[in-house]
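Heads up: the structure comes next, in structure tokens.
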Amino acid sequence: MAAEDPGQALNLEIVMDPEFRTVHVDGAIVMLNPNFGQLALAYDQPEFKVRPNGEIYTDKIQKRVVIDARLSPEAFRALAYTMMEHVQQYDEWLKQQK
């Protein structure tokens, strides 16, 4: 899609999807192949149980996937580079805090 006036840049408008919500995650399932990139964000949820003596324990952890994003390989790569730029900036900030 092109702007009506080739010399005029398109405006970018960022809006929240009606189903938008914030979620906290602690991990990702990542895959990249020639067909698509996958970025599935997830959090770990221990399943707690109680023994007859009242002791609480867990023998199972569920990895709950909250979003499974599929991207073109090019978009996946661009996202990865953008994230690494932020990581490098954060690392520099951490060095300055010492």
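Each value in this text was obtained by applying a stated rule to the coordinates, not by laboratory testing. Bear in mind the structure is a predicted one, so any value in this text is a computation, not a measurement. Here the Cβ is made from the backbone with ideal geometry for all residues, glycine too, and neighbour counts use every protein chain on show.
Report the charge-dipole magnitude of the chain in Debye, nearest 20, computed about the Cα centre from +1 at each Lys and Arg Cβ and -1 at each Asp and Glu Cβ. Spell out each step's value before the answer.
Numbers: 10 positive and 15 negative charges, 124 e Å.
Here the chain has a charge dipole of around 600 debye.
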Practice problem: May I ask which residue of ILE14, ASN53, ALA69 lies farthest towards the positive end of the charge dipole of the chain, with charges of +1 (Lys, Arg) and -1 (Asp, Glu) on Cβ and the Cα centre as origin? | Solution: ASN53
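Determine, for each peptide in 64-71, 18-25, the mean count of other beta carbons within 10 angstrom over its residues, then list the peptides with the highest first. Numbers along the way, then the final one.
Working: 64-71: 12.8, 18-25: 7.4.
Taking the mean over residues of other Cβ atoms within 10 Å, the ranking is 64-71, 18-25.
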Quiz item: Given that just one value was derived from the coordinates, which of (i) 14.4, 42; (ii) 21.0, 76; (iii) 12.8, 37 is Rg and Dmax of the Cα atoms in Å?
Solution: (ii)
Practice problem: Using only Cα atoms, find the angle between the long axis of helix 73-97 and the longest principal axis of the chain, and express it within 0 to 90 degrees, rounded to the nearest 10. | Solution: 70 degrees
Quiz prompt | Exposure proxy order (Cβ contacts within 10 Å, fewest to most) of LYS95, LYS63 | solution = LYS95, LYS63
Quiz item: Which of the lysines could a cross-linker span from LYS49 if the Cα-Cα distance has to be under 30 Å and same-chain partners fewer than 8 positions apart are dropped?
Solution: LYS60, LYS63
